[in-house]
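Undergrad: Dropping the structure in here first, questions after.
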Amino acid sequence: MAVTSDHRQSANALEPSSGAALLAEIHRMRILVADNAEGASALADMLTESGFTHVQITHNIDETLDALRAADRSDEDIDLLLFNAACPAVGGYDLCRAVRAHPAWSETPIVALQPRADRGADPLVEGFDAGATDVAFLPQRRIQELVPHVIAGLLLKRERDLRRSRETELESELAERKVMEARLQYLVSHDELTGLFNRRRLEQVLDTAVKRMQKQHISGAIIYIDLDQFKIINDLEGHAAGDRLLMSVSNILRSHLKQHDILSRVSSDEYAVLIENTNEEGAMHLAETLRRAIDNYHFSGSEHIYRISASIGVLIMHPEDEVSASEAMARSAQACFEAKAHGRNLVHLFDHNDLETSYLRTAVGWVPRIREALENDRFRLVFQPIIDLKNDQVVSYETLIRMVDADGTLVAPNTFIPVAERMGLIHEIDLWVVRHAIDTLHRLPPEQSHICLNVNLSTHAFQDPQLLAIVCERLAHTGVAAQRITFEITETAAVANYDQTRNMVNDLRALGCRFALDDFGTGFSSFNYLKQFPVDYLKLDGSFISNLLHDPIDQRLVKSMIEVGLALNKRIVAEFVENAATLALLKEFGADRAQGNHIGLPLDYIPAARPG
Ligand code: C2E
Ligand code: MG
Ligand code: MG
């Protein structure tokens, strides 16, 4: 039934704004009076005199039921039925029962009027049994006393209506959000060109598969495929031809896979297949089949026919290996790299020597350099401004760490942080960053006491019991307000150690610190967690923003993420804003804050005057 009465249109909350407004609302509600001719008009006059504006009269049971039906059809509820129970023409309590039996009127308040109180107490029982909401024993001369009964009945109806419309609102809000989530899930997890899973989605599926295989003691494999000539064809023949090639290759690969094997496109010219329940022999055989199928394929360009080949890496995942999904992906990619290095158009089976070589290549050199930098305090923070999009004022700076090498060159965090994380040096770095960030705030002049800092924490920060203590100690020692620190943690980190992270986040928030989920949108498995995760800001990952102007998919995603964020009461920060047009678009979409090279490059100091 449509919701049309005035009170239902006007009020969203259950509480009215004032007594007068409530009474006015009640007076506009619809009352149906059933009595003989004389009684009905006396009652109607009395109600009209009391201020009621929608009173309708009926004189027998059929008319009454017809009036109720007509009200249904016109979508204008009768809000209360008042009938004379002592009048045989209107049907007595049979009318009451007939109304109650109808599903649409089962909750309509019914006031039964007993003009003579000489029938003893039975009518009361009879009235309630028949479904009356209220029975009023009132002789004709006390008819004015009926008004409070009518008002009580109407209040009941109003409250029910409001509650119901609130429920409907909530239901549709929920449904809308579900649709939005599903849309996001699809866009974020699929490759638009081929319709295959993308890397994000594969990593999620792999994560579950790895756990399942370990539990069920079965092995599986990842086959990592890199096309050898894609970039040449893309450059020579153009992007449309490149897209055609990628589509053809995905079709070839798919035609050799079983239904439950998972094929995904993990980067521009790389595919990966996840196979559960296979062994080395099966996986190598399949990889060789795929290699040959691609090798046999000839791609027709505008003037040339190209031979296509692929380098393929195979990783066997044994249940006892205990590798994580991301490690497994890295290993299969490493094997693929070895296949390329050994001459292309080859299948290479991962073995631990590959790992050693690449691991040593990176870690061995880096560990002493990081240690030395820690010992000699050779780290720097640089500060990149974040503006509030309401007024373009700088409200915060993100602190970004740099390592200063022995020869004075600056090393970017993406180079040394992953090694530091693997080699157990990250806690010291996290603590260094926290201490220096708080000290930086402490040293700012009073006119910049409104400036805040966003501080990145590593994936492992929350496993360090010292962190909370150090934050408390530094804040107390410097007198810096905790509200001026926003910690940034990545979505992946938050989900990986959900309970532990959540507890620590709650402790730090209790101090007053704020939290932002960094790189938001890259790991959508966490969407459900997000609803409960105690963060204040979502930082949309830069990969959605850098091409925002030209990529309609990114635009849809960013819009949806902003909608979802706002619905969950989180503020939205966009990073990687590289030009004015992107900034304008983000404002239009409703983002709250922005950061990026267009707004300000990272500087090794916090400027006194705001940039731009
Ligand atoms: P992030 O937290 O997402 O930081 C943003 C990165 O994007 C920074 O790179 C920043 O310089 C860069 N960036 C900002 N605006 C633009 C832009 O308009 N275009 C482009 N292309 N890039 C932009 P940076 O400094 O190299 O940091 C990389 C990542 O290293 C950070 O990503 C963060 O995850 C990590 N990191 C940085 N500082 C720290 C730190 O103190 N502790 C920890 N644990 N991680 C850090
Ligand atoms: Mg960050
Ligand atoms: Mg980020």
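Any read-out appearing in this document is the output of simple, stated calculations on the displayed coordinates, not a laboratory observation. What you are looking at is a predicted structure, and each value in this text was computed from that prediction instead of being measured. Note that each Cβ is placed from the backbone with ideal geometry, even for glycine, and that neighbours are counted across all protein chains shown.
Undergrad: How do Trp432, Trp366 rank when sorted from fewest to most other Cβ atoms within 10 Å of their own Cβ?
TA: Ordered from fewest to most neighbouring Cβ atoms within 10 Å, Trp432, Trp366 come out as Trp432, Trp366.
Undergrad: Can you work out the Karplus-derived ³J(HN,Hα) for every residue in the stretch 467-478? Use 6.51 cos²θ - 1.76 cosθ + 1.60 with θ = phi - 60°, whole Hz, and x for glycine or proline.
TA: Running phi through 6.51 cos²θ - 1.76 cosθ + 1.60 with θ = phi - 60° gives 3, 4, 4, 5, 4, 4, 5, 5, 5, 5, 5, 8 Hz.
Undergrad: While we're here: Run the quick spin-label model on Thr208 and Asp62: label points 7 Å from Cα toward the beta carbon, then report their separation in nm to one decimal.
TA: 6.3 nm
Undergrad: Which order do the peptides 333-345, 468-480 take when ranked by the mean count of other beta-carbon atoms within 10 Å per residue, highest first? Walk me through the intermediate numbers first.
TA: Values: 333-345: 18.2, 468-480: 15.2.
The peptides rank, most packed first, as 333-345, 468-480.
Undergrad: Right, something else. Based on alpha-carbon atoms only, what is the radius of gyration of the chain relative to the globular estimate 2.2 N^0.38 Å?
TA: Working: Rg = 35.4 Å, N = 612, 2.2 N^0.38 = 25.2 Å.
Compared with the compact-globule rule of thumb, the chain sits at 1.41.
Undergrad: Calculate, for Asp377 and His598, the FRET efficiency according to 1/(1 + (r/R0)^6) with r their C-beta to C-beta distance and R0 35 Å; round to the nearest 0.05. Before the final figure, lay out the partial values.
TA: Numbers: r = 33 Å, r/R0 = 0.93.
It comes to 0.60.
Undergrad: At a Förster distance of 22 Å, what's the computed FRET efficiency of Asn277 paired with Ser326, Cβ-Cβ distance as r, to 0.05? Can you show the working numbers first?
TA: Numbers: r = 22 Å, r/R0 = 0.98.
After rounding to 0.05, the efficiency reads 0.50.
Undergrad: Apply 1/(1 + (r/R0)^6) to the Cβ-Cβ distance of Ser302 and Gln500, taking R0 = 60 Å, and write down the FRET efficiency to the nearest 0.05. Provide the component values of the computation, followed by the final result.
TA: Values: r = 57 Å, r/R0 = 0.95.
Between Ser302 and Gln500 the formula returns 0.55.
Undergrad: In whole angstrom, how far apart do the alpha carbon centroids of the stretch 65-89 and the stretch 197-239 sit?
TA: Between the Cα centre of the stretch 65-89 and that of the stretch 197-239, the gap is 67 Å.
Undergrad: Can I ask one more? If you take the Cα Rg of the stretch 6-170 and divide it by 2.2 N^0.38 Å, with N the number of residues, what do you get?
TA: Numbers: Rg = 15.4 Å, N = 165, 2.2 N^0.38 = 15.3 Å.
Against the compact-globule rule of thumb, the ratio is 1.01.
Undergrad: Related question: Multiply the residue gap between Leu566 and Ala293 by 0.36 nm, knock off their C-alpha separation, and tell me the result in nm, one decimal place.
TA: Working: separation 273, 0.36 × 273 = 98.28 nm, distance 4.85 nm.
Taking 0.36 nm per residue and subtracting the Cα distance, the gain is 93.4 nm.
Undergrad: Moving on to the next point. Ranked highest first by the average count of other Cβ atoms within 10 Å around their residues, in what order do 35-43, 540-548, 236-244 fall?
TA: Numbers: 35-43: 17.1, 540-548: 21.0, 236-244: 14.7.
The densest-packed peptide leads the list: 540-548, 35-43, 236-244.
Undergrad: Which semi-axes, in whole Å and largest first, does the equivalent ellipsoid of the stretch 363-594 have when worked out from the alpha carbon gyration tensor as the square roots of 5 times its eigenvalues? Mind dumping the intermediate values first?
TA: Values: eigenvalues 158, 82, 75 Å².
Equivalent ellipsoid semi-axes, largest first: 28, 20, 19 Å.
Undergrad: While we're here: Can you give me the pair-distance distribution of the stretch 445-498, C-alpha pairs, 10 Å bins, whole percents?
TA: That works out to 20, 46, 26, 7, 0, in percent per bin.
Undergrad: Let me ask another. For Glu181 and Ser106 in the same chain, what is the full-extension length gain: residue separation times 0.36 nm, less their Cα-Cα distance, in nm? Don't skip to the answer; put the middle values down first.
TA: On the way: separation 75, 0.36 × 75 = 27.00 nm, distance 3.70 nm.
Taking 0.36 nm per residue and subtracting the Cα distance, the gain is 23.3 nm.
Undergrad: Ok, one more. Output the pairs from Lys215/Lys258; Lys211/Lys539; Lys539/Lys559; Lys211/Lys258; Lys178/Lys390 with a Cα-Cα distance over 25 Å in this structure; if there are none, say none.
TA: Working: Lys215/Lys258 23 Å; Lys211/Lys539 30 Å; Lys539/Lys559 13 Å; Lys211/Lys258 21 Å; Lys178/Lys390 29 Å.
Result: Lys211/Lys539; Lys178/Lys390 exceed 25 Å.
Undergrad: At 222 nm, what helix-only mean residue ellipticity would the chain give, in deg cm²/dmol to the nearest 500, using -39500 (n - 2.57) for each DSSP H run of four or more?
TA: Details: 23 runs with 294 residues, N = 612.
Per the formula, -15000 deg cm²/dmol.
Undergrad: Can you give the extra length, in nm with one decimal, that the chain gains between Ile252 and Gln144 once fully stretched, where that is 0.36 nm per residue apart less the Cα-Cα distance? Walk me through the numbers before you get to the answer.
TA: Details: separation 108, 0.36 × 108 = 38.88 nm, distance 8.61 nm.
30.3 nm is the gain from fully extending Ile252 to Gln144.
Undergrad: Return the distance in nm (one decimal) between the two label points of a simple spin-label model at Asn36 and Gln448, each offset 7 Å from Cα along Cα→Cβ.
TA: Rounded to a tenth, the inter-label distance reads 9.2 nm.
Undergrad: Then there's this: How many angstrom separate the Cα center of the stretch 424-458 from the Cα center of the stretch 95-115?
TA: 69 Å
Undergrad: Going by C-beta contacts inside 10 Å, put Met504, Met180, Met29 in order with the fewest on the left. Can you show the working numbers first?
TA: Values: Met504 21, Met180 16, Met29 25.
The order, fewest Cβ neighbours first, is Met180, Met504, Met29.
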